[in-house]
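Have a look at the structure below, then the notes.
The values are calculated or read from the model by the stated rules, or taken from the named source; none is laboratory data. None of these values were measured; they are calculated from a predicted model. Note: accessible area is taken over every heavy atom of the protein model, side chains too, but ligands, DNA and RNA are not part of it. Shrake-Rupley method; radii C 1.70, N 1.55, O 1.52, S 1.80 Å.
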Amino acid sequence: MKIERIEIRRIELPFVAPFETSGWRELANHSLIVRLQAEGAEGWGEAPVGAGPWYNEETQATAWVMARQILAPMLLEASIARPEDVDAVFTRVRGNRMARAGFEFAAWDLFGRLEGRSLSAMLGGTRAQVDVGVSVGVQPDIEALLRVVSAYVEAGYRRVKLKIKPGWDIEPTRAVRETWPNLRLQVDANSIYSLDQADQLAQLDAFDLLLIEQPLAHDDIVDHAKLQRRLRTPICLDESIVSPEHARWAIELQACGVINIKPSRVGGLTAARQIHAMCAEAGIPVWCGGMLETGIGRAANVALASLPNFSLPGDISASDRYFQRDVVRSPFVLNADSTLSVPTAPGTGAEVDEAFLDSVTLEKVDLTR
Ligand code: OSB
Ligand code: MG
């Protein structure tokens with residue numbers, strides 16, 4: 001297949017509330033949205049980059065340049081027989097994995113729509129519903145935190161993740177654990193600690209957490225292996241795992257007990273599926289992380305999370321946890337058992353609301369063969 005037309009846009013879609021991590025705040029989704037057209041069909045993908053390089057090195061500005069000047073021209077020149085071929089088209093590109101993933105997701109969606117197969121079925125998904133939780137940002141004080149968590153528990157979320165940082169770790173975690181003794185609870189530090197704070201992190205062992213996510217540097221594996229030996233709670237790597245090779249290194253070094261797979265972070269669903277298989281083989285449970293995606297990116301995450309070794313709840317909340325209005329006509333809603341239903345329509349199943357998407361688009365380009 002030859003891709004005939006590529007539309008790329010950068011958007012700004014405000015969140016219902018600011019999202020604060022250990023190191024930065026997100027006020028809106030600043031993704032790139034990619035649309036591929038070929039053989040009378042189209043596919044959509046989202047590169048969920050942030051406004052600034054705070055999570056990884058990519059930003060909306062860098063992804064915009066990469067997408068227009070490098071990636072789209074490469075894809076227009078290539079011939080692909082399967083969505084997995086997009087990975088090979090981009091093998092010469094170093095880094096910039098979220099920008100690459102935007103195109104890769106769109107190719108999966110395009111092939112799915114052409115073949116009449118759901119993305120979940122194409123990937124080898126085995127579940128009709130996926131367990132999900134909610135990621136709770138840093139709050140001004142513990143009272144506010146308990147209010148926010150309470151609202152999510154009331155809404156039906158049975159797994160909660162707390163963002164932590166020095167000065168906002170032990171006490172907030174203790175307060176949530178004491179208020180909800182049976183809640184599935186985990187924490188995420190987004191790379192803010194160093195190995196010499198291991199004793200402080202070990203205090204988190206008291207709270208029966210599912211995992212401690214990415215305590216140390218975004219590009220570290222070795223110190224995480226040292227830290228894991230000093231913690232009872234499994235470490236879960238997020239930022240550090242940017243490819244199947246990184247997953248293999250982490251497993252070999254015993255740097256973690258769990259891996260968070262974000263398909264966008266690793267360049268797409270092909271790499272994500274390889275990591276899933278590698279972890280299944282090694283007995284490492286995985287779960288699907290999120291990047292506060294619109295309904296376009298969220299649909300790819302939900303499909304991926306339907307694979308068998310996604311045995312922990314994902315950071316894939318209902319659309320209304322993020323946006324007043326989503327860019328798709330079929331927003332995800334939370335089921336009573338803290339799950340989202342996996343779409344069965346061809347491709348991702350996302351039906352893009354183009355008029356609304358246009359209204360949140362800052363800039364758009366069209367490229368043709
Ligand atoms: O580290 O998992 C993270 C959001 C933006 C960037 C990084 C992270 C997150 C989240 C939210 O924790 C996940 C979501 O609900 O999409
Ligand atoms: Mg994380």
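Specify, per residue and in Å³, the volume enclosed by the convex hull of the alpha carbon atoms belonging to the stretch 179-244. Show your work: numbers first, answer last.
Working: hull volume 6.0 nm³, N = 66.
Hull volume over Cα atoms, normalised by residue count, gives 91 Å³.
Keeping all protein chains in position, work out how much accessible area Lys163 exposes to a 1.4 Å probe, and write it in Å² to the nearest 10.
In the full protein context, Lys163 sits at about 10 Å².
Relative to the present Cα-Cα distance, how much length would full extension add between Ala282 and Ala81 at 0.36 nm per residue of separation?
Values: separation 201, 0.36 × 201 = 72.36 nm, distance 3.10 nm.
In short, 69.3 nm is gained.
Using a Cα-Cα cut-off of under 12 Å, which aspartates and glutamates could be cross-linked to Lys226, ignoring same-chain neighbours fewer than 8 residues away?
Partners found: Asp196.
Could you tell me what a quarter of the Cα convex hull surface of the stretch 209-283 works out to, in nm² with one decimal place?
That works out to 4.4 nm².
If you project the alpha carbons of the stretch 67-150 onto the principal axes, what extent comes out on each, in Å, largest first?
Principal axes ranked by extent give 56, 34, 16 Å for the Cα atoms.
If you take the alpha carbon radius of gyration of the stretch 35-187 and divide it by 2.2 N^0.38 Å, what ratio comes out, to two decimals?
Relative to the rule-of-thumb radius for its length, the stretch 35-187 sits at 1.38.
If you bin every alpha carbon distance in the chain into 20 Å steps from zero, what whole percent lands in each bin?
Whole-percent P(r) values from 0 Å outward: 31, 59, 9.
Provide the gained length on full extension for the span Ala206 to Thr344, in nm with one decimal, where the gain is 0.36 nm per separating residue minus the Cα-Cα distance. Let's see the in-between values first.
Details: separation 138, 0.36 × 138 = 49.68 nm, distance 4.14 nm.
Roughly 45.5 nm would be gained on extension.
Mind running the shape call on the stretch 103-189? Use the C-alpha gyration tensor, a ≥ b ≥ c as the square roots of the eigenvalues: rounded below 1.5 for a/c, prolate if a/b tops b/c, oblate otherwise.
Details: a/c = 3.49, a/b = 2.47, b/c = 1.41.
Cα axes put the stretch 103-189 in the prolate bin.
Relative contact order for the chain: what is it in percent, counting Cα pairs under 8 Å that are at least 6 residues apart?
On the way: 834 pairs, mean separation 83.7, N = 369.
Reported as a whole number, the value is 23 percent.
Excluding residues on the same chain fewer than 8 positions from Lys161, give the lysines whose Cα lies under 19 Å from its Cα.
Lys262
With no solvent and one equal point scatterer placed on each C-alpha of the stretch 121-341, evaluate the Debye formula and give log10 I(q)/I(0) for q = 0.08, 0.16, 0.18 Å⁻¹, two decimals.
Log-scaled intensity ratios, in q order: -0.26, -1.10, -1.37.
Whole number please: convex hull volume per residue, Cα atoms of the stretch 242-369, in Å³.
Details: hull volume 18.3 nm³, N = 128.
Each residue corresponds to 143 Å³ of Cα convex hull volume.
Stretch Gln197-Glu171 to full length: gain in nm at 0.36 nm per residue minus the Cα-Cα span?
On the way: separation 26, 0.36 × 26 = 9.36 nm, distance 1.61 nm.
The Gln197-Glu171 span can extend by a further 7.8 nm.
Does the stretch 22-110 classify as rounded, prolate or oblate by the C-alpha gyration tensor (a ≥ b ≥ c root eigenvalues; a/c under 1.5 gives rounded; else a/b over b/c gives prolate, otherwise oblate)? Mind dumping the intermediate values first?
Values: a/c = 2.41, a/b = 1.77, b/c = 1.37.
Prolate, because a/c is 1.5 or more and a/b exceeds b/c.
Once ligands and nucleic acids are excluded and a 1.4 Å probe is used, how much of Arg184 is accessible, expressed in Å² to the nearest 10?
The accessible area of Arg184 comes to roughly 90 Å².
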